[in-house]
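What follows is one structure encoded as structure tokens, with my remarks underneath.
The values are calculated or read from the model by the stated rules, or taken from the named source; none is laboratory data. Being a predicted model, the structure only gives us computed values, none of them experimental. For neighbour counting, all protein chains shown are included, and Cβ atoms are generated from backbone atoms with ideal geometry for every residue, glycine included. These accessible areas exclude ligands, DNA and RNA; they are computed on the full protein's heavy atoms, side chains included. Shrake-Rupley method; radii C 1.70, N 1.55, O 1.52, S 1.80 Å.
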Amino acid sequence: MPMDLLGGLGCACAGLLAAAAAAALVALGHRLGLLHQLWYKVDPRSPRHGGELVAEVLKAHGVRFLFTLTGGHISPILVASEKIGIRVVDTRHEATAVFAADAVSRLSGRIGVAAVTAGPGVTNTVTAIKNAQMAESPVLLLGGAAASLQKGRGALQDIDQLSLFKTLCKACVSVRTVRDIVPTLRKAIATAQSATPGPVFVELPIDVLYPFHVVEKEIGGTKSARGLRGKVVQWYLQNYVRNLFAGAWDPRDVSPLPVQVPLATEEEVQRCAELVSRATKPLVLVGSQAMLPPTPAEELRAALEALGIPCYLGGAARGLLPPSCPFLLRHNRRDALRDADLVLLAGTVCDFRLSYGRLFGRRAAIVAVNRDRAQLLRNSDVFWKPRLAVQGDAASFVVRLAQSLRGYGCSRDWVEALREAEEKKEQVNREKAATPTTHHLNPLDLLYHLDALLPAQSLLVADGGDFVGTAAYIVRPRRPLAWLDPGAFGTLGVGGGFALGAKLCRPDAEVWVLYGDGSLGYSLMEFDTFVRHKSHLHLHPRPHHHPHGVPGTWWPRALSLQTPVIALVGNDACWSQIAREQVALLGSNVACGLEYLDYHAVAEALGGKGFVVGRGERERLDAVLRAAQDACRHGRPVLINALIGKTDFRDGSISV
């Protein structure tokens, strides 16, 4: 081979090696943020930590409550949040923390936030996060994690958390440096609330949360390294730590980013108005999605009242119309859908709850409005076909529809026919409630007694199968956003968290949790949480003549010592919703039987107030319910252990 060719090859190889080395140095420099260290200050003596930045962003976004189950990975977040006035509420299970954040999100219209420690703390939230996804609740989950440098090296509670949440959240991201905390959180919160809302997961490794001196001590390497290898490792680790904190405390905008909400076009609203004006038997089904911000519930309510079209409310929309509203329907939905010639699905989805779309009349014009395209057209290629499909916000669509149909009047004959069927069904239910059961209380009778005693300022949390399914037809929410159920996922165990978040959001409301005796087992221990956490502090100006008072100063007048909620447990010693079909179809009650346990005694042992009521005490049922309300008003969480019997009220209801 000629020498000049060998020399050329040698130069080429040397060039490639030099280029590879340069690329490696650039990559290393990028990983260690060497340029950032040149441009941004690093103060090794600063006592500040990343938890402070997390708290500042949450405060700027109107977050009042941070729900958690504590852990060393997230301690800086909790301490900093408390310091700047965010109330840190710790629960007895991480799922409860997420459920509470979910409830706050639904009721306040702001982002609900939970923080949990790494590994098992994060995995314990999976069901609650999936529930929030299917319920379209914007929830921010902050998860602790091992230091980024130690991932995959056997660190305590180190797992691939991002992969775990990829299918459950709108966004999953891990923060790499302290300076990234603020922009990452701002973007995550906007993502959670935009378009179709849902949960987001932000992983905060332990080395971006603690102060410089703590991180340097743990992962900064020894200062007396020996040998070339040791010195290289020491240099790498020290630069890695400095990069974590480069520019960490430079001023940054922490205010909320704009939230994007899809809206219907004017043409789509007008097309729907034309369809409604030609219909003789229109029907509106309002789903949970219609309760999302930014349209206030009062505006949506006024629009529905102006339209005057017979209406069914589902999920979080229950209570949107007052119980006395003449076109509010609760019964005979299958028959009404069969007869209707136009159905407006305002945030309602054609899933199992509408028999996948098989309930509509063959010639009915279906108008579907939903923010999410997949939900908008769910099963439309199989059992139904929309005349008009609008990807947009359901609440604002209904408001604009009512404005375009001013003077519209629904057929009186259609409304009266539906009201007559409604009243007949109600009479049948009351007759069933008056029929004694073989054992204990009739659950319908119990729920009618409760409905009669509920004040206007009440809020109902639904956590159960058969008993809660019955309650949905009997107990009437008194106002908008006064009914919280898990949603389409059908999750059991939401009760403790939903009640906690609801009472903190609405301290003046009488919060009732309707439990099945099966679902109660998931969150009974949260009575300890109710007892430990104060729900509200009433303030009033102390009189000027008070010897220690300062004019204009606000002083405590009444301090609730606990979070007073009332749990009503329908205790039939059985997983009844499952047993009903399992016994009939398969001839066995295996795994469905429970016992008539003293759940009220557990509540008492945890510091609450317990009542038990059974068949022999039906005549004092109202007295027990009122005593529970009185104990609640005096600041104690209450559990009523109501022993109930079996009825055929829900025969044929689906449990799969």
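Scan segment 317-333 and give yes if some residue there is assigned to a strand (DSSP E or B) and on the phi < 0 side of the Ramachandran plot, otherwise no. Reasoning before the result, please.
Of segment 317-333, the ones assigned to a strand (DSSP E or B) are 328-329.
With on the phi < 0 side of the Ramachandran plot added as a condition, the list becomes 328-329.
So far as segment 317-333 goes, yes, one or more of its residues are assigned to a strand (DSSP E or B) and on the phi < 0 side of the Ramachandran plot.
For segment 574-602, a residue qualifies if it is buried (at least 16 other Cβ atoms within 10 Å of the Cβ) and of a type in the set (D, E, K, R), and exactly one does: R580.
Before we move on, is D508 more than 13 Å from the chain's Cα centre (by Cα), outside any loop (DSSP other than H, G, I, E, B) and in contact (Cβ under 8 Å) with a residue 12 or more places away in the chain? Explain how you work it out, then say what you get.
On the way: more than 13 Å from the chain's Cα centre (by Cα): yes; outside any loop (DSSP other than H, G, I, E, B): no; in contact (Cβ under 8 Å) with a residue 12 or more places away in the chain: yes.
When the stated conditions are applied, D508 does not pass them.
For segment 560-603, filtering for residues that are among the charged types (D, E, K, R) and free of Cβ contacts under 8 Å to residues at least 60 places away in the same chain leaves 2.
For every residue, the table says whether it meets (1) assigned to a helix (DSSP H, G or I); (2) over 23 Å from E267 (Cα atoms); (3) open to solvent by 40 Å² or more (accessible area, probe 1.4 Å); (4) not hydrophobic (A, V, I, L, M, F, W, C).
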| residue | (1), (2), (3), (4) |
| --- | --- |
| L359 | no, yes, no, no |
| A374 | yes, no, yes, no |
| V382 | no, yes, yes, no |
| P386 | no, no, no, yes |
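This table checks each residue for (1) within 16 Å of T125 (Cβ to Cβ); (2) at pLDDT 95 or above; (3) of a type outside the set (A, V, I, L, M).
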site: A147; (1), (2), (3): no, no, no
site: G154; (1), (2), (3): no, no, yes
site: F165; (1), (2), (3): yes, yes, yes
site: C169; (1), (2), (3): yes, yes, yes
site: T177; (1), (2), (3): no, yes, yes
site: P199; (1), (2), (3): yes, yes, yes
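Scanning segment 162-183 for residues that are surrounded by 23 or more Cβ atoms within 10 Å (Cβ to Cβ) and under 23 Å from P211 (Cα atoms) yields V175, V178, R179, I181.
How many of the residues in segment 251-278 are over 24 Å from the mean Cα position of the chain (by Cα) and outside any helix (DSSP H, G or I)?
5
Among the residues of segment 475-508, the ones that are at pLDDT below 95 and among the aliphatic types (A, V, I, L, M) come to 1 in all. Against the definition (open to solvent by 20 Å² or more (accessible area, probe 1.4 Å), more than 23 Å from T96 (Cβ to Cβ) and either touching a residue at least 40 places away in the same chain (Cβ under 8 Å) or not polar (S, T, N, Q) (or both)), how does A421 come out, yes or no? Yes; evaluated as a whole, the condition is true for this residue.
Does segment 288-316 hold any residues that are of a type outside the set (A, V, I, L, M, F, W, C) and either open to solvent by less than 50 Å² (accessible area, probe 1.4 Å) or part of a helix (DSSP H, G or I) (or both), and which are they? Matches in segment 288-316: S288, Q289, T295, E298, E299, R301, E305, G308, P310, Y312, G314, G315.
I need the full set of residues from segment 602-651 which are in a helix (DSSP H, G or I) and under 15 Å from H439 (Cα atoms), in order please. Spell out how you get there, then give the answer.
Applying the first criterion (in a helix (DSSP H, G or I)) to segment 602-651 yields 602-605, 615-633.
Selection gives R615, G616, E617, R618.
Contact annotation: residue pairs with Cβ atoms under 7 Å, 6 or more positions apart or on different chains, pairing a residue in segment 72-86 that is free of Cβ contacts under 8 Å to residues at least 12 places away in the same chain with a partner that is surrounded by 14 or more Cβ atoms within 10 Å (Cβ to Cβ), are E82/V88. Among L275, L285, L244, which is under 27 Å from I189 (Cβ atoms) and open to solvent by less than 70 Å² (accessible area, probe 1.4 Å)? Selected residue: L244, the only one of L275, L285, L244 that is under 27 Å from I189 (Cβ atoms) and open to solvent by less than 70 Å² (accessible area, probe 1.4 Å). Hey, can you tell me all the residues within segment 166-179 that are more than 14 Å from G144 (Cα to Cα) and touching a strand residue (DSSP E or B) at 6+ places or on another chain (Cβ under 9 Å)? Hits for segment 166-179 are K166, L168, C169, K170, A171.
Among the residues of segment 603-616, which ones are surrounded by fewer than 19 Cβ atoms within 10 Å (Cβ to Cβ) and either of a type in the set (V, I, T) or over 26 Å from L459 (Cα atoms) (or both)? Across segment 603-616, the qualifying residues are V612, R615, G616.
In segment 399-418, the residue that is nearest to A297 (Cα to Cα) out of those that are open to solvent by less than 60 Å² (accessible area, probe 1.4 Å), assigned to a loop (DSSP other than H, G, I, E, B) and touching a helix residue (DSSP H, G or I) at 6+ places or on another chain (Cβ under 8 Å) is L405.
For L329, the requirement of being without any contact (Cβ under 8 Å) to a residue 40 or more places away in the chain and of a type in the set (A, V, I, L, M, F, W, C) is not met.
The residues in segment 427-448 that are open to solvent by 40 Å² or more (accessible area, probe 1.4 Å) and part of a helix (DSSP H, G or I) can be counted, and the count is 5.
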